[in-house]
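What follows is one structure encoded as structure tokens, with my remarks underneath.
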Amino acid sequence: MNQSLQDYLFERILNTFPKRSAAVEALGKLMGLGKDAVYRRLRGHTLLSLDELAALAREFKVSLDDYLFSRADSVVFSYSSFSQTISSYRDYLDSVSRNIERIYLLPEKHFYYATSEIPLFHYCHFPEVIGFKLYVWARTIWSVPKIKEQAFHFDLLSQEDQRITSELLNMYNDIPSTELWHLNIVDNTLNQIEYHVNIGGFQRPEDALVLCDRLLELCEHIRKMAAFGHKYRMGGEPQATATRTFDLFHNEMVFTNNNFLAVTPVGKVIFTTYCNPNFLKCTDERMCNFTEDWFKNITSKSIAISNHAEKNRSWYFNTLHRKIERVRTRISNQVEEGF
């Protein structure tokens, strides 16, 4: 028997909550109903009106097109920039945090990450680095008025912003991940640092050297995590737990934007960057299954650089190290010459 539209809607809503009871409570408050009335609707004993269907779909951002056109050659995505205008670092960090927390609270979750740039979560090891990335996006993508006319300095990232980035890092570290990285993983950030040096975009040009040093430290830390096969915080002690596994692969044949797939017992979700760092989100079952198969196919043909792959790992991270050092040397020469 085909699933009804009401069942489809409630299934998608329930998947956004870690517990069914939390969903029932939220639905009751939203619809002004008691628990029994909510359960009658969940079981299909009481039908929702068209207005109620529409209201719930809007509130929980469930696309009814996914149900109505499930057999068509179309996939529905939601776009972060349409649902929220970014006017501060906090707006973006809160949006990312909400999406990751929903996944983090579920059991037996797993991340698949294919990217041409170091994933956002790794930048959160250093307030200086994540602060610089947010600054670049605020100036160039979001055009945040209070940011775009300022030269960069480390104090632009507030204590509250640092708290959120620290929580993001904790959640990411606690979720097993399989990641597919390109050799150009540091190029974008290095280009951004050098560009801002050239245009006088640093309040203190010496801070560009600090950022290069932090990238060197970050790559060394990621190297250690890859060797151990588990994620942990900078300065912390690695722990071999099932929830922190870190499987890292290198592939030069497939160049992709940042594609992120979360697999959980209650469903799958894709995030892919569009007009980076804004992102598209998709829960279409066909698309998620296709993406999971793509990840497994590509990683099976990729070079492992985590766990026992010491030779491949050394070559990979030594290459990144040389890239950063070359840019650092150029910047150091410019700073010494007073550019």
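Before moving on, here are some points about what is shown:
- Estimated FRET transfer efficiency when R0 is 22 angstrom, pair Glu285-Leu5 (beta carbons, to 0.05): 0.90
- At R0 = 30 Å, FRET efficiency that the Cβ-Cβ distance of Ala37 and Met171 yields, to 0.05: 0.30
- Separation of segment 187-244 and segment 249-324, taken as the distance between their Cα centroids, equals 19 angstrom.
- Modelled this way, with points 7 Å down the Cα-to-C-beta line, the labels at Arg204 and Glu52 are 6.1 nm from one another.
- Relative to the longest principal axis of the Cα atoms of the chain, the long axis of helix 5-14 lies at roughly 40 degrees.
- In the complete set of protein chains, residue-level accessible area for Lys19 is approximately 140 Å², probe 1.4 angstrom.
- Between 0 and 90°, nearest 10: helix 310-336 axis offset from the chain longest Cα axis: 60
- Inter-label distance, nm, simple model (7 Å from Cα along the C-beta direction), Ala151/Met234: 2.4
- Of the residues Leu50, Leu169, Leu105, the one with the largest accessible area comes first in the ranking Leu50, Leu105, Leu169, computed with a 1.4 Å probe on protein heavy atoms.
- The sum of -39500 (n - 2.57) across all DSSP H runs of n ≥ 4, divided by the residue count of the chain, sets its helix-only mean residue ellipticity at 222 nm to -16500 deg cm²/dmol.
- If the chain linking Glu101 and Ile141 were pulled fully straight, counting 0.36 nm for each residue of separation and taking away their Cα-Cα distance, it would gain 11.9 nm.
The values are calculated or read from the model by the stated rules, or taken from the named source; none is laboratory data. No experiment lies behind these values; they were computed from the predicted model shown. Counting neighbours? That spans all protein chains shown, and the Cβs are built from the backbone with ideal geometry, glycine included. Side chains included, ligands, DNA and RNA excluded: accessible areas come from the protein's heavy atoms. Shrake-Rupley method; radii C 1.70, N 1.55, O 1.52, S 1.80 Å.
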